[in-house]
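The values are calculated or read from the model by the stated rules, or taken from the named source; none is laboratory data. Predicted model only: the values in this text are computed from it and were never measured. Cβ: placed from backbone, ideal geometry, glycine included. Neighbour counts: every protein chain shown.
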Amino acid sequence: MNRRSIIILGFIFSSILVYSEIFIILMDMEGRRYSFADAFYWVISTITTVGYGDITFTSLAGKIFSIIVMLSGVAYIFGVGFPFLVVPWIEKKFLLVLPSVYEGKDHVVVCGYNEFVKELISELEHNKEKYVVVVDDRDVARELIEDGISCVYGDMSIKTFQDVGVKQARCIVTAFKEDAKNAEVLITLMDVNTPKIAVVEDPSYARYLSYAGATRIVSAKGLLGLFMAKKVLDPITGKLSSSIKVFEGLNLAEIFIKETSDIVNKTLENSRIRERTGCTVVGMWKDGEILLNPSPDEIIKRNSVLIAVGSEDQLKKLQNIAMGLE
């Protein structure tokens, strides 16, 4: 129950108590004595316009008071009770009005819903990460809310994202099945500095999503959905779920470069990754393209993804550097 409902109910209950006291006083003036329980009963039956007629006033003052209580009842029930208490409860119960605001920070904003997002949410909940799913389909929003998923309904305008605290979010994930729709969302959020991860259906669109402002692009095709969902979480959780064991003591991993990292805008040679971590960079995902065995003069951008090999500890050191923690 929200604060407004508590105030309204408190005001109505206080009025009933006051009317009960006035009832006792006016009845005493008529020479009749009633208990507080009788007074409370009369006020409730009058204020709800039931009016059994078993207790009535005979004096003019009592009749005027009765009229005031009756009119108050009409005002309370139809002017306050229904519009501010009953209707909101019904709307919430049957989801007639869908939530459009998320209050929080340090959360993940997920745009769209599909099998990939389903797995991603499972991983977020497992890691106890806060999140909100934003969809523009009322039926989908209703189903997600009924399933206990944190979800809001919006038209994907800048106001929609402001209402879900996109500037206070840890990252934004666009995961619509239509890549054009993902591009529209990214363009809408072009001026928002929060990291943006685009889930592409058709890899040939990766370059365009990068141009639209994606800081990282992943594919969720086929059975790789769960694996990619975990990889999206790497910059959030600091884990290396995308690491692949090549053989004992040597792993291969994709490392996302955040804009706060001190190696952003440096060449691979000047970043001294080998000296600082012991890892070897064997490839780079840059501007939607994969560069194998990149040149030492290749510049690391904030939306780059390094493909590196090394031990688990070495890769974790590189992950910390990439996240700006070292």
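Summary table below
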quantity	calculated
Residues of the range 1-24 satisfying the condition of being among the hydroxyl-bearing types (S, T, Y) and touching a residue at least 40 places away in the same chain (Cβ under 8 Å)	S5, S15, Y19
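Table: residues versus (1) surrounded by fewer than 17 Cβ atoms within 10 Å (Cβ to Cβ); (2) modelled with pLDDT of 90 or more; (3) of a type in the set (S, T, N, Q); (4) closer than 26 Å to G324 by Cα.
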| position | (1), (2), (3), (4) |
| --- | --- |
| V173 | no, yes, no, yes |
| K181 | yes, yes, no, no |
| L186 | no, yes, no, yes |
| V200 | no, no, no, no |
| P203 | yes, no, no, no |
| A206 | no, no, no, yes |
| Y211 | yes, no, no, yes |
| T215 | no, no, yes, yes |
